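Peer 1: One structure follows; several queries about it will come next.
Please treat every number below as a calculation from the coordinates, not as lab data. The structure presented is a predicted model; accordingly, all values stated were derived computationally and were not measured. Don't worry about glycine lacking a Cβ; one is built from the backbone with ideal geometry, like all the others, and counts go over all protein chains shown.
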Amino acid sequence: MKFKPEMLQLYFIVGTQDTNNDSEKLLRLVKEALDSGATAIQYREKGSNGHFL
């Protein structure tokens with residue numbers, strides 16, 4: 001896939017600090033972001049103890 005600047009119109013960043021390691025909450029947040037028009041989503045891990053899998 002070739003990068004297109006319009007792919008980053010609304011960039012949503014989420015991580016364990018937002019979800020408290022709750023995978024269901026992560027999925028809800030991502031769905032809400034997509035439903036709100038997010039064109040890119042980045043998951044950020046802020047520590048060594050936050051694992052979903």
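Peer 1: Local charge sum around Ser23 (other residues, Cβ-Cβ under 14 Å, Lys/Arg +1, Asp/Glu -1)? Please report the intermediate quantities before stating the final value.
Peer 2: Values: positive: Lys25, Arg28, Lys31; negative: Asp18, Asp22, Glu24, Glu45.
Every neighbour counted, the sum reads -1.
Peer 1: Which order do the peptides 3-13, 17-27 take when ranked by the mean count of other beta-carbon atoms within 10 Å per residue, highest first? Each step should come with its number before you reach the end.
Peer 2: Working: 3-13: 10.1, 17-27: 12.6.
For the peptides 3-13, 17-27, the packing ranking is 17-27, 3-13.
Peer 1: With θ set to phi - 60° and the Karplus curve 6.51 cos²θ - 1.76 cosθ + 1.60, what are the ³J(HN,Hα) couplings of the range 12-26 in order, to the nearest whole Hz, using x for Gly and Pro?
Peer 2: Karplus-based 3J(HN,Hα) across the range 12-26 equals 9, 10, 9, x, 4, 5, 9, 10, 6, 6, 9, 5, 5, 5, 4 Hz.
Peer 1: Separate question: Out of Asn20, Ala33, Leu8, whose Cα points farthest toward the positive end of the dipole of the chain (charges: +1 Lys, Arg; -1 Asp, Glu; placed on Cβ)?
Peer 2: Leu8
Peer 1: I've got another one for you. Sum -39500 (n - 2.57) across every DSSP H segment of at least 4 residues in the chain, then divide by the residue count to get the 222 nm mean residue ellipticity, nearest 500. Could the numbers behind the result be given before it?
Peer 2: On the way: 2 runs with 17 residues, N = 53.
Result for the chain, helices only: -9000 deg cm²/dmol.
Peer 1: Regarding the chain, what are the three Cα extents along the principal axes, ordered largest first, in Å?
Peer 2: Reported extents, whole Å, longest axis first: 34, 22, 16.
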